[in-house]
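Worksheet for the structure shown next.
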Amino acid sequence: MFRRNRSEDTFARAFYARTAERARLPELFEECGIPDTLDGRFDSLALHAALAIDRLRREPDGDRLAQAFFDAMFSHLDVTLRELGVQDLGVGRRIKIMAEGLHGRALAYREALSAAPPALIEALRRNAYGGRPPGDERALGRLEVYVRRYADMLANMSREDLIK
């Protein structure tokens, strides 16, 4: 009953790949102040993934698509950790920490986007900067504008356009 079909998996993998590309945009690091470190890159990916998963959940088969996206993301992160030289026994532990981090960030961003404007600034300050908020408040403001525009863009896209 809850098995995904191949087209859902293919769609989710393609949408994850596009989301991961978006999370690596130079402007996020250069203009918005996200540190270009492993932690900063994960924070950027988690931010984009949280917004993507929320968008997927609006589809009729959204829960399955969101799970397929999550699976594609963490399959990719597993491979990446192994390529970075993390030993097999450490990969599972790190993946668990990353999954918990994504979940916490997703909740924070979801709540902040539906609350008054200062809530998103605070959620970004706590979650999008590798544990070190930017010294430049203008960078934080630019990230807030970027996130709101990206969330609106995702909300207004058709399912077919999500992977383009």
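The values are calculated or read from the model by the stated rules, or taken from the named source; none is laboratory data. Since the structure is predicted, the reported quantities are computational estimates derived from the model, not experimental observations. FYI the Cβ positions are ideal-geometry reconstructions off the backbone, even for glycines, and counts take in every protein chain you see.
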Name every residue in the stretch 119-164 that is farther than 11 Å from residue 34 by Cβ, of a type in the set (A, V, I, L, M, F, W, C) and assigned to a loop (DSSP other than H, G, I, E, B), in order of residue number. 157
Out of the residues in the stretch 35-54 that are acidic (Asp, Glu) and farther than 19 Å from residue 71 by Cα, which is modelled with the highest pLDDT? 36
In the list 51, 102, 56, 47, which residue meets the criterion of being buried (at least 19 other Cβ atoms within 10 Å of the Cβ) and in contact with an Asp or Glu (Cβ under 9 Å, 6 or more places away or on another chain)? 56
Need pairs with beta-carbon distance below 8 Å; first residue of a type outside the set (Val, Ile, Thr) and within the stretch 48-59, second in a loop (DSSP other than H, G, I, E, B) and at pLDDT 95 or above; sequence gap 6+ or separate chains. 55/157
In the stretch 65-95, residue surrounded by the most Cβ atoms within 10 Å (Cβ to Cβ) [restricted to those that are charged (D, E, K, R) and modelled with pLDDT under 95]: 78
Looking at 46, 72, 14, can you tell me which residue is touching a helix residue (DSSP H, G or I) at 6+ places or on another chain (Cβ under 8 Å) and more than 16 Å from residue 163 (Cβ to Cβ)? 46
Sole residue being under 23 Å from residue 71 (Cβ atoms) and either among the charged types (D, E, K, R) or touching a strand residue (DSSP E or B) at 6+ places or on another chain (Cβ under 9 Å) (or both), chosen from 125, 82, 132, 148: 82
Residues of the stretch 102-122 satisfying the condition of being within 14 Å of residue 53 (Cβ to Cβ) and not charged (D, E, K, R): 102, 103, 104, 106, 107, 108, 109, 113
Can you find, within the stretch 133-163, the residue that is surrounded by the most Cβ atoms within 10 Å (Cβ to Cβ) among those that are basic (Lys, Arg) and either at positive phi or without any contact (Cβ under 8 Å) to a residue 40 or more places away in the chain (or both)? 148
Of the residues 112, 72, 116, 66, which is under 16 Å from the mean Cα position of the chain (by Cα) and within 27 Å of residue 133 (Cβ to Cβ)? 112
If we ask which residues in the stretch 106-118 are assigned to a helix (DSSP H, G or I) and either exposed (fewer than 14 other Cβ atoms within 10 Å of the Cβ) or without any contact (Cβ under 8 Å) to a residue 60 or more places away in the chain (or both), their number turns out to be 8
